[in-house]
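Comments concern the structure below.
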Amino acid sequence: MVAAESIIKSISEQLKTQSLVQIPASEAEYMAVIAELPFKIEYHQSEIITMGLASIWHETIVANLIWILQNRLISNNDYLVMGSNSGVYAPKFEGGFYMPDVLVVKDTPQFKENSNALITNPYLIFEVLSPSTSSFDTSDKLEEYKDFESVKQIVYIFQDRPKIMSFSRTDSPNTWLNQDFKGLNESLQIEGFPLPMSDIYRKVQFPVR
């Protein structure tokens, strides 16, 4: 417990001056820390990774997404839509614990052993990107997400401008369709229905460039 307290203190101190914190830790230390801090914390290749509290526009996009997906998928009991308090477990390498901003499971959720929160069969993954996490989210984490045999589509949503990147699994092994969307009048397809960017970014204010 002493180690966890030390890590929590270090995270709190570093977040005062850094937008992204990475701290070496064991899996046990990560599990102890995640229960104590009120924001998104992930674990990748023996490091705890966090950006601290999310911005209001990040959370607005997340809320919009959950509302849209619930309304589109609510008539089909095969889908379960969740926010980032439920994570996914990727056993590749030393194992990774990630907390997508929005997660959809199809059919029955499957969990990591001895857990009722860490899911091993994600179906749709949505991440809202911030400047501090975009490099990690779209590189190392993307490769981990693609390794889930259950994943059909991975969607990255920029919070500082109207831009979305979608990666959809094709019928060919190890082949993904990458599509970029850059206008509020555009829509991407999710499970056969359009997801308008104007709805995703509803009430979001972009920084002046």
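The values are calculated or read from the model by the stated rules, or taken from the named source; none is laboratory data. None of these values were measured; they are calculated from a predicted model. Please note: Cβ atoms are built from the backbone with ideal geometry, for glycine as well, and neighbour counts cover all protein chains shown.
Going by the structure shown, is Phe193 in contact with a helix residue (DSSP H, G or I) (Cβ under 8 Å, 6 or more places away or on another chain) and modelled with pLDDT of 95 or more?
Considered against the rule, which asks whether it is in contact with a helix residue (DSSP H, G or I) (Cβ under 8 Å, 6 or more places away or on another chain) and modelled with pLDDT of 95 or more, Phe193 comes out as no.
What pairs come out if I take residues in the range 171-184 that are in the same structural domain as Phe158 (by TED's automatic domain parsing) and closer than 19 Å to Tyr156 by Cα and pair them with residues that are part of a loop (DSSP other than H, G, I, E, B) and among the basic types (Lys, Arg) whose C-beta lies under 8 Å away, six or more apart or interchain?
Every condition considered, the pairs that remain are Asp180/Lys163; Phe181/Lys163; Lys182/Lys163.
Restricting to the range 45-68, what's the tally of residues that are assigned to a strand (DSSP E or B) and either polar (S, T, N, Q) or buried (at least 20 other Cβ atoms within 10 Å of the Cβ) (or both)?
3
In contact with a Lys or Arg (Cβ under 7 Å, 6 or more places away or on another chain), part of a loop (DSSP other than H, G, I, E, B) and closer than 29 Å to Glu47 by Cα - does that describe any residue in the range 172-189?
No; the residues of the range 172-189 include none that is in contact with a Lys or Arg (Cβ under 7 Å, 6 or more places away or on another chain), part of a loop (DSSP other than H, G, I, E, B) and closer than 29 Å to Glu47 by Cα.
Taking interchain pairs and intrachain pairs at least six residues apart, which have beta carbon atoms under 6 angstrom, with the first residue in the range 59-74 and in the same structural domain as Val155 (by TED's automatic domain parsing) and the second assigned to a helix (DSSP H, G or I) and crowded, with 16+ Cβ neighbours inside 10 Å?
Asn64/Ile200
All but one of (1) within 23 Å of Tyr123 (Cβ to Cβ); (2) outside any strand (DSSP E or B); (3) touching a helix residue (DSSP H, G or I) at 6+ places or on another chain (Cβ under 6 Å) hold for Pro100; which doesn't?
The single condition Pro100 does not satisfy is (3).
How many residues, within the range 178-192, are surrounded by 12 or more Cβ atoms within 10 Å (Cβ to Cβ) and either under 21 Å from the mean Cα position of the chain (by Cα) or under 17 Å from Gln70 (Cβ atoms) (or both)?
Of the residues in that region, 8 qualify.
Quick check: is even one residue across the range 122-135 under 26 Å from Pro24 (Cα atoms), of a type in the set (Asp, Glu) and assigned to a loop (DSSP other than H, G, I, E, B)?
no
Could you list, in sequence order, all residues of the range 156-171 that are surrounded by 15 or more Cβ atoms within 10 Å (Cβ to Cβ) and assigned to a loop (DSSP other than H, G, I, E, B)?
Taking the range 156-171 as the starting set, the residues that turn out to be surrounded by 15 or more Cβ atoms within 10 Å (Cβ to Cβ) are 156-160, 162-169.
Across the range 156-171, the qualifying residues are Gln159, Asp160, Pro162, Lys163.
Of these, Val81, Val33, which one is in contact with a helix residue (DSSP H, G or I) (Cβ under 7 Å, 6 or more places away or on another chain), surrounded by 16 or more Cβ atoms within 10 Å (Cβ to Cβ) and not in a helix (DSSP H, G or I)?
None of the other options fit; the residue is Val81.
Among the residues of the range 103-113, what is the count of those that are within 21 Å of Ile68 (Cα to Cα) and part of a strand (DSSP E or B)?
4
Looking at Gln153 and the list (1) under 22 Å from Ile68 (Cα atoms); (2) in contact with a Ser or Thr (Cβ under 6 Å, 6 or more places away or on another chain); (3) surrounded by fewer than 19 Cβ atoms within 10 Å (Cβ to Cβ); (4) not charged (D, E, K, R), which single condition is not satisfied?
Status for Gln153: all satisfied but (3).
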